[in-house]
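I have placed the structure first, in the form of structure tokens, so that the comments after it can refer back to it.
The values are calculated or read from the model by the stated rules, or taken from the named source; none is laboratory data. In this text the structure is predicted, and so the values were computed from the model without any measurement. With ideal geometry, Cβ positions are generated from the backbone for all residues, glycine too; neighbour counts draw on all protein chains shown. With ligands, DNA and RNA removed, areas are computed over all heavy atoms of the protein, side chains included. Shrake-Rupley method; radii C 1.70, N 1.55, O 1.52, S 1.80 Å.
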Amino acid sequence: KNINLFIEKPLGVNSEGWEEVISICKKNKLVNYVAFCHRHIPYTIKLKKLIEDKIIGNIINFNMRWGSYLPDWHPYEDYRTFYMAKKDQGGGALLDESHGLDLVRYLFGEVNHVYANVGNFSDLEITSDDCAFLTMVFKSRILSHINFDLAARYPRINLEIVGSKGTIIWDRVEHKISIYNADNESWSYEQYSKDDLMSMYPNQAKHYVDCINKIKKESVNIEDALKTQKIIDASFQSSNQGKMIEII
């Protein structure tokens, strides 16, 4: 139809077919933005600058905790009827919480390989996965662990980054960045608000319009989002086969 695209994340249940779509978009010079909106949170943008400025030196490893309780998401409806509960509708901890995968790619670059356990470990009545634990090594040799789940009664969405000179903790629930300086053994804090978090949606919408008006280039297009989709595919494969999978 030769129409610009705004696509909900992730791209799909797997990576198949997207190379053709990428080719069509390039041929027709179509904007093709994928809605990994966490890149548009002000304190995510600040976190990236802190990393690039080497505030904590060279990055060695990180731990990401991304957990909440699915029945609490929409208390006004039966969670068992929600798409998130249904594997055949693309629900589940790994697919829906893949914001975290895009976020760490945005911050640390591309992943070399992944070892994962993905499945149903709680008593939630769902056919989609409720837990996904990923251990990844980046091409930059950063070691990482990510814990996605839909069973956590206390919501936690945070990222703890260990560097050669200190630690940074990015917290999306508390809307805060905490920085530990190993030289003077002290913490400093940058406090944000829920309004800063929610600004990611209008920020994202403006970004998309700017792309259409050729003011900006897509921060995440299909070609970029496909790299996140391949990590998702490899994680399911790793869990099924019980072995580490290289990201190709």
Find all pairs meeting these conditions: Cβ atoms under 7 angstrom apart; at least six residues apart or on different chains; first residue within the range 54-77 and within 11 Å of V162 (Cα to Cα); second residue part of a helix (DSSP H, G or I) and open to solvent by 10 Å² or more (accessible area, probe 1.4 Å).
-> I59/I51; I59/F108
Just checking, how many residues over the range 9-50 are within 25 Å of N203 (Cβ to Cβ) and free of Cβ contacts under 8 Å to residues at least 24 places away in the same chain?
-> 3
With respect to K27, is the statement that it is part of a loop (DSSP other than H, G, I, E, B), open to solvent by 40 Å² or more (accessible area, probe 1.4 Å), at pLDDT 95 or above and out of contact with any Pro (no Cβ under 9 Å at 6 or more places or on another chain) true?
-> no
Got a sec? Which of K165, K217 is of a type in the set (K, R) and in contact with a Cys (Cβ under 8 Å, 6 or more places away or on another chain)?
-> K217
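Using the structure shown, decide if T81 is among the β-branched types (V, I, T) and within 19 Å of E174 (Cβ to Cβ).
no
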